[in-house]
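Everything below concerns the one structure shown next.
The values are calculated or read from the model by the stated rules, or taken from the named source; none is laboratory data. Owing to the predicted nature of the structure, the values given are computational and were not obtained by experimental measurement. Ideal geometry is used to build each Cβ from the backbone, glycine not excepted, and the neighbour counts take in all protein chains shown.
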Amino acid sequence: MIEKSGREFLYLLETIGRMGIFLATTLTNILKPPYTPYPVIRQVYFIGSRSVIVILVTGLFTGMVLGLQGYHNLKKFGSEELLGSAVALSLIQELGPVLTALMVIGRAGSAICAEIGIMRNSEQIDALECMAIDPYKFLIAPKFIAALISLPVLTFIFNILGILGGYLAGVVLLGVAEGAYFQGMYDSVVWADIRLCLVKSIIFGLLIVWISTFKGYFLHLNRSGVFGAEGVSRITTDAVVFASVTILVWDYLIGSLILS
């Protein structure tokens, strides 16, 4: 048992070190010329533009649920006029960044991990190295830049649609005064809330692309020893689960640091 615990601990330290070196190498390659915008634009389209429909639908119905539940809970205290404040703060501080990140993990993060895993499995990454093309610069860096650009934009789109959904549920369907809905939002939302949302979305974007690319890039070092199609499926599942849990953990950590 002691031997197994030591082996697990050493593997954990090795993984943490490898992830740190992977991140440092990627960030170094982002800053290193030449700068080619086209790969970044392609990744922004893949991560950002192609996720917009999912974000629109998720944000709208999340806001409607918040409006519905918030109305019935606030009605018990005779405070229906605070519905706009409750919906806006819930979305901007917590639900917007977190749910956007989880949607992007499921739609784009899994695809990124599988793509790079397949390239590693079919030795395409080794071929790039043989041609003196840096895989970090060519494959990983554009995805990092695109994720850092796309996540804040998608998060604010989610928030806007969520507020609209709360308006539809609370004002249009349940009869809350329109002026009270927007005035409560105007009085309660401050710059610190927007800043918290922005910081969370940037950090979540970094975590998503970091974990997804790392898992795919080091497919050949996975502990299961399974490669091929099954290996790609396993590391993709691991990446989605690990990234989702990491997002929730960091959501608490960021909130506790900024709000304390």
Kindly provide the set of residues from segment 242-260 that are modelled with pLDDT under 90 and either among the aliphatic types (A, V, I, L, M) or within 25 Å of GLU123 (Cβ to Cβ) (or both), ordered by number.
LEU257, ILE258, LEU259
Which one of LEU248, LEU259 is more than 23 Å from GLN43 (Cβ to Cβ), in contact (Cβ under 8 Å) with a residue 24 or more places away in the chain and loosely packed, with under 11 Cβ neighbours inside 10 Å?
LEU259
crowded, with 24+ Cβ neighbours inside 10 Å and in a helix (DSSP H, G or I): which single residue out of LEU99, LEU95, LEU91 fits that description?
LEU91
Somewhere in segment 29-37, is a residue part of a helix (DSSP H, G or I) and surrounded by 12 or more Cβ atoms within 10 Å (Cβ to Cβ)?
yes
Quick check: is even one residue across segment 196-205 among the β-branched types (Val, Ile, Thr), closer than 30 Å to ALA24 by Cα and in contact with a Lys or Arg (Cβ under 7 Å, 6 or more places away or on another chain)?
no
Out of THR15, THR36, THR28, THR62, report the one residue that is among the polar types (S, T, N, Q) and within 23 Å of LEU161 (Cβ to Cβ).
THR62
Checking GLY59, GLY70, GLY63 in turn, the sole residue that is touching a Leu at 6+ places or on another chain (Cβ under 6 Å), closer than 20 Å to LEU198 by Cβ, in a helix (DSSP H, G or I) and small (Gly, Ala, Ser) turns out to be GLY59
Can you pull out the residues in segment 194-241 that are modelled with pLDDT of 90 or more and of a type in the set (D, E, K, R)?
ARG195, LYS200, LYS215, ASP238
